[in-house]
Amino acid sequence: MIRELKISELSILDNGILQKDTVLQEFKVNPFSHYIVYIDNNHKVIGYLYYSDIYNRIEINQFEIDFIHRNCGIGKKMLKFLTDSVDKSITLEVNVNNKSAIHLYKKFGFVKVAVRKGYYNGVDGILMERSEKMNDIYILGIESSCDETSVSIVKNGTEEISTIISSQIDIHKNYGGVVPEIASREHVKNITFVIEECLESANMKMEDMDAIAVTYGPGLIGSLLIGLEASKTLAYLYQKPLIPVHHIAGHIYANSLEKEMEFPLIALVVSGGHTELIKMGNHFQFEKLGGTLDDAVGECYDKVARVIGLEYPGGPKIDKLASMGKVTYSLPVPLKDNSYNFSFSGLKSAVINLNHKLKQRGEEIRKEDLAASFQNAAVNSLVSKTKKALEDYHVNRLIVAGGVAANKVLREAISQMCEEINVELTIPELKYCTDNGTMIAAAGYYAYRLGRRADLYLNSKSSDTLK
Ligand code: KG4
Ligand code: ZN
């Protein structure tokens, strides 16, 4: 596995080709130093690339691979790791007689810019440079955390090449919600076909992919495992880097398909399992400002829908029904306080109680009006807390993420609020709001460029903090 060496993990250098003392010394005297290391299955460092990141350029100072592991593609993989993570020009010196190294550098776009006479004990050195232009990077994204098997190819984190989504809604709606065991079995049936179809419709092969990004959690453990095992198998078979993606990071990065993300920003995450306000200072820097104290908003939509007799998933059905109704029933506005937290269980209970009371009294329930009244209370809460966070933190960019971002009234209310306080708003296109592989590939791209990698021991997690 290839990764950037952290000063906290120098013990992995024991018995490898790179000396711990040398690295410590370099870190001390050169504040610009970075080491990329290649670690074999015995946890031994068998290759390293030492470079300096100096303001607007990268200088490769040393690049060495253990003698017995040369000529088997390790150098190429390490150079790819570096060139795919940085968008600055890169310079290096190479011995004029080292033909194979020069050949490799040329393949990566390095050109000869000068000769350094007698640089290597009397032998000439060649100074080579590669411009900052990035290669196009194609990420295969795999999502299977709940009831959608989805695979997508995204170019450079922003351009969708192809996406296939196999939805299980028609099966689970017979049970009024997702049945985990059935979901896992459906993923098993579908995953290889979805991968094949995605590659076919893009007219690409696995060999064309730069990395495989996969949702490792949170979600249904059995469902997650299917996507994960498929990803690991592909990563092993095709020797591609494996990028672990947190499902909510995926939802957030669905926005990069609309517009490249700029920071700082605030993200309102509204899905079936999450309702959170998050501040991002940069890519993958998440600071949670607040979240739901009980039910997630999507979960609440689904439960309310069930109470008024709508099919699973209830969110879109309430959305549609509410557009035909009026806000006539009085319901509590959830958690009207000074925090950035939310609470939806009180609202849910109020709808259940109201429905029950009306039924007992034999009064007609105007389902459209109840849906509109519920939605009005839920959306008001989301919009007011989001507004407060934007104002308190003086942030003028907002993104909305997750399945409930598809909600029509929420989209309208949030865009009106953003207009009023002059905040730039990005919301994903409807098809990228609910679960899909596109968002995982997009998030995977930025994670890839940050050097995030997983090994084949990567496991699925039913819950995990956003990272
Ligand atoms: O993000 P998502 O696809 O899955 C999770 O990660 O949870 O979100 C699914 C949730 C469900 O609760 C669904 O009812 C809700 O998003 N949802 C909606 C709408 N479309 C999906 N809620 C309200 N209005 C919608 N149009
Ligand atoms: Zn989701």
With respect to Val395, is the statement that it is within 25 Å of the chain's Cα centre (by Cα), in contact (Cβ under 8 Å) with a residue 60 or more places away in the chain and either closer than 19 Å to Gly273 by Cβ or buried (at least 24 other Cβ atoms within 10 Å of the Cβ) (or both) true?
no
Only one residue in Ser223, Ser166 is open to solvent by less than 80 Å² (accessible area, probe 1.4 Å) and modelled with pLDDT under 95, so which one is that?
Ser166
Looking only at segment 229-267, how many residues end up being away from ligand 2 (no atom under 14 Å from the Cβ), over 17 Å from Ala441 (Cβ atoms) and of a type outside the set (D, E, K, R)?
8
Six or more apart or on different chains, Cβ atoms under 6 Å: show the pairs whose first residue is in segment 278-305 and without any contact (Cβ under 8 Å) to a residue 24 or more places away in the chain and whose second is part of a strand (DSSP E or B).
Glu287/Lys279
Can you name every residue in segment 10-25 that is of a type in the set (Asp, Glu) and modelled with pLDDT under 85?
Asp14
In segment 252-276, anything aliphatic (A, V, I, L, M) and within 16 Å of ligand 1 (Cβ to nearest atom) is listed as Ile252, Ala254, Leu257, Ala267, Leu268, Val269, Val270
Would you point out the residue of segment 416-434, among those that are of a type in the set (A, V, I, L, M) and farther than 19 Å from Glu262 by Cα, that is least open to solvent (accessible area, probe 1.4 Å)?
Met417
Out of (1) outside any helix (DSSP H, G or I); (2) in contact (Cβ under 8 Å) with a residue 60 or more places away in the chain; (3) surrounded by 22 or more Cβ atoms within 10 Å (Cβ to Cβ), the odd one out for Pro334 is which?
(2)
Which of the helices (runs of 4 or more DSSP H) contained wholly in segment 245-330 include at least 1 residues that are open to solvent by 60 Å² or more (accessible area, probe 1.4 Å)?
297-307, 314-322
Search result, residues across segment 137-149 that are within 13 Å of His247 (Cα to Cα) and modelled with pLDDT of 95 or more:
Gly141, Ile142, Glu143, Ser144, Ser145
So, in segment 62-99, how many residues would count as being under 33 Å from the mean Cα position of the chain (by Cα), open to solvent by 30 Å² or more (accessible area, probe 1.4 Å) and over 15 Å from Tyr35 (Cβ atoms)?
7
Answer yes or no as to whether Gly346 is in a helix (DSSP H, G or I), more than 10 Å from ligand 1 (Cβ to nearest atom) and open to solvent by less than 50 Å² (accessible area, probe 1.4 Å).
yes
Wholly within segment 102-163, which strands (runs of 3 or more DSSP E) include no fewer than the required count, namely at least 1 residues that are within 16 Å of ligand 2 (Cβ to nearest atom) and open to solvent by less than 20 Å² (accessible area, probe 1.4 Å)?
138-143, 148-155
Please enumerate the residues belonging to segment 350-373 that are more than 19 Å from Asp319 (Cα to Cα), outside any loop (DSSP other than H, G, I, E, B) and open to solvent by 40 Å² or more (accessible area, probe 1.4 Å).
Asn353, His356, Lys357, Lys359, Gln360
Within segment 4-61, restricting attention to residues that are in a strand (DSSP E or B) and among the β-branched types (Val, Ile, Thr), which residue is surrounded by the most Cβ atoms within 10 Å (Cβ to Cβ)?
Val37
Which one of these is of a type in the set (A, V, I, L, M, F, W, C) and within 26 Å of Glu148 (Cβ to Cβ): Cys418, Cys433?
Cys433
Please indicate, with yes or no, whether at least one residue in segment 183-198 is assigned to a loop (DSSP other than H, G, I, E, B) and within 15 Å of ligand 1 (Cβ to nearest atom).
no
If I filter segment 207-219 down to residues being farther than 21 Å from Ser463 by Cα and open to solvent by less than 10 Å² (accessible area, probe 1.4 Å), which single residue comes out as nearest to ligand 2 (Cβ to nearest atom)?
Ile212
Do the conditions hold for Gly362, that is, is it touching a Lys or Arg at 6+ places or on another chain (Cβ under 7 Å) and either of a type in the set (Phe, Trp, Tyr) or modelled with pLDDT under 95 (or both)?
no
Looking at segment 15-74 only, could you name the residues that are at positive phi and touching a Ser or Thr at 6+ places or on another chain (Cβ under 9 Å)?
Asn71
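The values are calculated or read from the model by the stated rules, or taken from the named source; none is laboratory data. Since this is a predicted model, take the numbers as computed values, not measurements. In this analysis, Cβ positions are derived from the backbone assuming ideal geometry, glycine residues included, and neighbour counts consider all displayed protein chains. We work out accessible area using only protein heavy atoms, side chains counted, and drop any ligands, DNA or RNA first. Shrake-Rupley method; radii C 1.70, N 1.55, O 1.52, S 1.80 Å.
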